[in-house]
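Only one structure is covered here, and it is reproduced in the block below.
Bear in mind that the values in this text are calculations on the coordinates, not laboratory data. The structure presented is a predicted model; accordingly, all values stated were derived computationally and were not measured. Please note: Cβ atoms are built from the backbone with ideal geometry, for glycine as well, and neighbour counts cover all protein chains shown.
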Amino acid sequence: MNTFDEYSLKSMKLKNKIVMPPMCMYSANNLGIANDFHFTHYTTRALGGVGFIIMEATGISENGRISDSDLGIWDDSHIDGLKKIVDAVKAYGSKIAIQINHAGRKYEGKSGKIVAPSAIGFNENSKLPIELSKDEIKEIILAFKTAAIRANKAGFDALEVHGAHGYLIHQFLSPLSNLREDEYGKTLENRTRFLKEILVSIKEVWPADKPLILRVSATDYVEGGIDIKEMVKIINIIKPYVDIVDVSSGGLVPAKINIFPGYQIKLAEEIKGQCKLPVITVGLITEVNMVEEILSNNRADLVALGRELLRNPFWVLNCAKEKKGSITLPKQYERAFPME
Ligand SMILES: Cc1cc2nc3c(=O)[nH]c(=O)nc-3n(C[C@H](O)[C@H](O)[C@H](O)COP(=O)(O)O)c2cc1C
């Protein structure tokens, strides 16, 4: 089985190819500090054998969160709580990244102003965001950079920049939400500039041997928005700064999405082929045979299971037993998973 084989990316060596994708738990207090829930939540998946855990969208500033209950990484006081989780997850043999995010116009809390590349709301019911000045753009880029420094201090094995789901970076990338006339708008190169500057500044502080992941929405699912062809061009611009692409879709505008098991695999496959970068695929993947098909046909390098791992934290151990995959069981649980 390919699923339970090791996988290396830079200095990070994964024991298998199953990923827990970032999933907001909206369980922090207003200060954004990780608590017992987060510790139990992530360490349970590590104990369950997940090779690679990507911690939920974590705000690089107070108004960069999605809600006021998100985790934060805008202050040094966040490092300890995160480090406790990182240390425990690693002790159970998994690797762990953190997804850093600015929500832009999708911020729904009360701790600051709502900002975006242009003053366009997500839908008619959302509050109108304030258009960012160039100075404010520079401040946000700096906040991504200092978040990366803190993530490294907390001991994360990898860092994921959230460029998907209609949050600030995606708002800059898409012509539907970015109507700027300056060097951050209009052309594809200009719309990619904000992301590129973030990646460049992170690279100045993030250790060269640790992977940098970019999550993208490969399509906006609407006319005039980003489609897979445009996303391939965007990724080719920022390719020198990224080690693996975590391929998702949608979230920029309300759009009808045809969802079915594996609905995003084709997008990941296209990016892998066209950009010659490793990819993570995700989206209604719940069966180990499906994971095996994706990996063995080289359609993606790693496979993420979101809601399935919320339902079943021991998915990896159960599948390894069923398929006789090579796995190291937590010794306390050996009697529950006899492997002939
Ligand atoms: C409760 C929940 C929270 C999520 N939060 C995030 C997030 O913080 N960042 C992100 O990039 N995606 C987030 N997602 C999307 C997941 O990472 C994943 O792409 C999506 O659930 C599809 O995979 P699945 O069908 O295996 O669940 C979230 C999904 C769920 C269900």
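Taking just the alpha-carbon atoms of the chain, what radius of gyration and Dmax come out, in angstrom?
19.2, 65
Over all pairs of distinct alpha carbons, what does the Kirkwood formula give as the hydrodynamic radius of the stretch 14-108, in Å?
13.2
Could you tell me the calculated FRET efficiency between SER126 and VAL205, based on Cβ-Cβ distance and R0 = 35 angstrom, to the nearest 0.05?
Computed FRET efficiency for SER126 and VAL205: 0.55.
Which length gain, in nm to one decimal place, applies between LYS276 and GLU6 when the Cα-Cα distance is subtracted from 0.36 nm times their residue separation?
95.2 nm
Cut-off is 10 Å between beta-carbons; in what order do MET339, MET1, MET231 appear when sorted fewest neighbours first?
Exposure proxy ranking, most exposed first: MET339, MET1, MET231.
Pulled fully out, how much extra length does the chain show between PHE39 and VAL232, if you take 0.36 nm times their separation in residues and subtract their Cα-Cα distance?
Once the chain is fully extended between PHE39 and VAL232, it gains 65.8 nm.
To two decimal places, what compactness ratio does the stretch 123-192 give when its Cα radius of gyration is scaled by 2.2 N^0.38 Å?
Rg over 2.2 N^0.38 Å, computed on Cα atoms: 1.29.
Where Lys and Arg each count +1 and Asp and Glu each count -1, what net charge lies around ILE294 among other residues with Cβ under 10 Å from its Cβ?
In short, -2.
How many percent of DSSP beta bridges within the chain run antiparallel, rounded to 5?
10
Jot down the per residue volume, in cubic angstrom and as a whole number, of the convex hull over the alpha-carbon atoms of the stretch 198-267.
Hull volume normalised by residue count: 104 Å³.
Taking the mean number of other Cβ atoms within 10 Å as a proxy for protection, how do you rank 291-302, 57-68 from highest to lowest?
57-68, 291-302
For the stretch 7-48, list residues with backbone N below 11 Å from a point placed 7 Å from the Cα of GLU108 toward its Cβ?
26
State the volume of the convex hull built on the alpha-carbon positions of the stretch 55-157, expressed per residue in Å³ and rounded to an integer.
97
How are the Cα pair distances of the stretch 189-340 distributed, in percent, across 10 Å bins from 0?
Using 10 Å bins, I get a P(r) of 10, 32, 31, 19, 7, 1 for the stretch 189-340.
Simple spin-label model, 7 Å along Cα-to-Cβ: LEU310 to GLU287 in nm?
Label-label distance for LEU310 and GLU287, simple model: 2.3 nm.
What ranking do 137-147, 189-199 get when scored by the average of other Cβ atoms within 10 Å per residue, highest first?
The most tightly packed comes first, giving 189-199, 137-147.
7 Å from Cα along Cα→Cβ at both ASN258 and LYS331: what's the point-to-point distance in nm?
According to this spin-label approximation, the distance is 5.3 nm.
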